[in-house]
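What follows is calculated from the coordinates using simple rules that are stated; it is not laboratory data. All values derive from a computational prediction rather than experimental measurement. Note: ideal-geometry Cβ built from the backbone for every residue, glycine included; neighbour counts use all protein chains shown.
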Amino acid sequence: MTQFPRIRLGTRRSPLAMAQAKEARRRLCEAHGWEIDAVELVPVIASGDKVQDRPLAEIGGKALWTRELDAWLAEERIDAAVHSLKDVETFRPESLTLAAILPRADKRDRLIGANSIKDLPKGAVIGTSAPRRAAQLLHHRPDCKVVTFRGNVATRLAKLDAGEADATFLAAAGLERLGQDDIGIPLDPANWLPAPAQGAIALECRTRDDATRRALAPLDHAPSRAEVMAERVLLSGLNGTCHSPIAVLCDHTGDMLEMRAAIFSHDGAERVDGEMQFSPGDDAAARALAEDLLRRASPATRALFGGTP
């Protein structure tokens, strides 16, 4: 017997976003013993999906991934939104709450088109629209050229096949969720740091919606929340924007969190690294690491930070 929807989950329409929403729906139904039709998936076309020929930073930043879903939450057309947390702005409205962080998947990037950064041909053209990936690549390989690559996974792979670039980067977690984890080579985080909150799916709802918050609560994975929220605190401490090349990885080491982070100049010539161990929830430690990175950076690199997130 078909159940009325108990929860409406809003999601972007891209194949990866839909795969993430289906994972959230599966976990929600398993947690409550619901049939699959108890959770309705409500797709929306995000502004960021409409413009594919310019870097995100030039057309409005991360808000382009959340704007429509935020509006639908405010209008109560959906009960919760499913996000790739790395695409969610650092500072969110008080009216919204990150009610659940699902268990974090593979945090690494994958290199598509070569066996390693070292093996890229001299002067290789690399497609990416992420300042972090561009700067980190140029730090290792200043001879390479970066061109803008935007679009969903299939679009970027098609551009690569069409010869628009020699190689590109994709998040390992996204490829895994699409059943394409045999594509590319995972990059060792010891040498190549991911984006803040990479690999994490978040469910966001209205702060005042107690019923939805209670329904989402069993999905919240405390270790993953501790890691990604620490990374987001670092991001806020850096006051980073979509223009700011920031890389960070937070892992559990026993009862402690170990955070490694780096900020770059746009051309990758300057890289400032830092690391720190602290207890989960110690926001002051993550902010202190952010302050230390900025203090040791050159004025030109510091100028890439301090804007409105």
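Listed values, structure above:
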| item | result |
| --- | --- |
| All-pairs Cα distance distribution in the range 109-186, expressed in whole percent, bin size 10 Å | 20, 58, 22, 1 |
| Over the chain, volume per residue of the alpha carbon convex hull, in Å³ | 131 Å³ |
| For the chain, the longest site-free run once trypsin sites (Lys or Arg not before Pro) in DSSP loop states with at most 11 other Cβ atoms within 10 Å are removed | 1-117 |
| Using θ = phi - 60° and Karplus 6.51 cos²θ - 1.76 cosθ + 1.60, couplings along the range 250-260 (whole Hz; Gly, Pro as x) | 10, 10, 7, 10, x, 8, 10, 9, 10, 10, 10 |
| Dipole magnitude of the range 232-302 about its Cα centre (Cβ charges: Lys, Arg +1; Asp, Glu -1), debye to nearest 20 | 300 debye |
| Distant-in-sequence amide H partners of ASN239 (H built 1.01 Å from N, under 5 Å) | none |
| Tensor-based shape of the range 139-278 (alpha-carbon gyration tensor, a/c under 1.5 rounded, otherwise prolate or oblate) | oblate |
| 222 nm mean residue ellipticity, helices alone, for the chain (DSSP H n ≥ 4; -39,500 (n - 2.57); rounded to 500) | -10000 deg cm²/dmol |
| Theoretical gain in end-to-end length, ASN239 to ARG296 [0.36 nm per residue, Cα-Cα removed] | 19.0 nm |
| FRET efficiency, ARG77 to ALA284 (Cβ-Cβ, R0 41 Å, nearest 0.05) | 0.60 |
| Estimated distance in nm for a label pair at ILE36 and GLN277, the labels positioned 7 Å out from Cα along Cα-to-Cβ | 4.6 nm |
| Local electrostatic count at ARG213 - Lys and Arg +1, Asp and Glu -1, tallied over other residues with Cβ under 13 Å | -2 |
| Dipole magnitude of the chain, debye to nearest 20 (Cβ charges: Lys/Arg +1, Asp/Glu -1, about Cα centre) | 480 debye |
| Cα-Cα pairs of the range 149-231 separated by more than 20 Å (percent) | 52 percent |
| Whole-number Å³ per residue for the convex hull built on Cα positions in the range 232-302 | 74 Å³ |
| Lys pairs, the chain - Cα-Cα below 16 angstrom, 8 or more residues apart or on other chains | 6 |
| Neighbour-count order for GLU76, GLU23, fewest beta carbons within 10 angstrom listed first | GLU76, GLU23 |
| Relative exposure of GLU231, GLU176, judged by other C-beta atoms within 10 Å (fewest first) | GLU176, GLU231 |
| Normalised contact order of the chain, rounded percent, pairs of Cα under 8 Å and 6 or more residues apart | 20 percent |
